[in-house]
């Protein structure tokens, strides 16, 4: 009967909330949250690594 909004969704910078729906979860006193998020275009750029970082990463891959 008494419901308090205790279920939350936290979104980091670079994401945009497109849609949010509350869904019932059988056997739970919490609701599920179904969301659609979008990534900002500026955040989709391929990250740049220095030659040292690439060499370190390659060594890690080779070591397994």
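Read the figures in this text as sums done on the coordinates, not as results from a lab. None of these values were measured; they are calculated from a predicted model. So basically every Cβ, Gly included, is an ideal-geometry build from the backbone, and we count neighbours across all protein chains shown.
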task = Just give me the residues in the range 26-59 being assigned to a helix (DSSP H, G or I) and within 27 Å of residue 9 (Cα to Cα), in sequence order.
result = 41, 42, 43, 44
ask   = (1) in contact with a helix residue (DSSP H, G or I) (Cβ under 9 Å, 6 or more places away or on another chain); (2) loosely packed, with under 10 Cβ neighbours inside 10 Å: which one isn't true of residue 61, the others all being true?
value = (1)
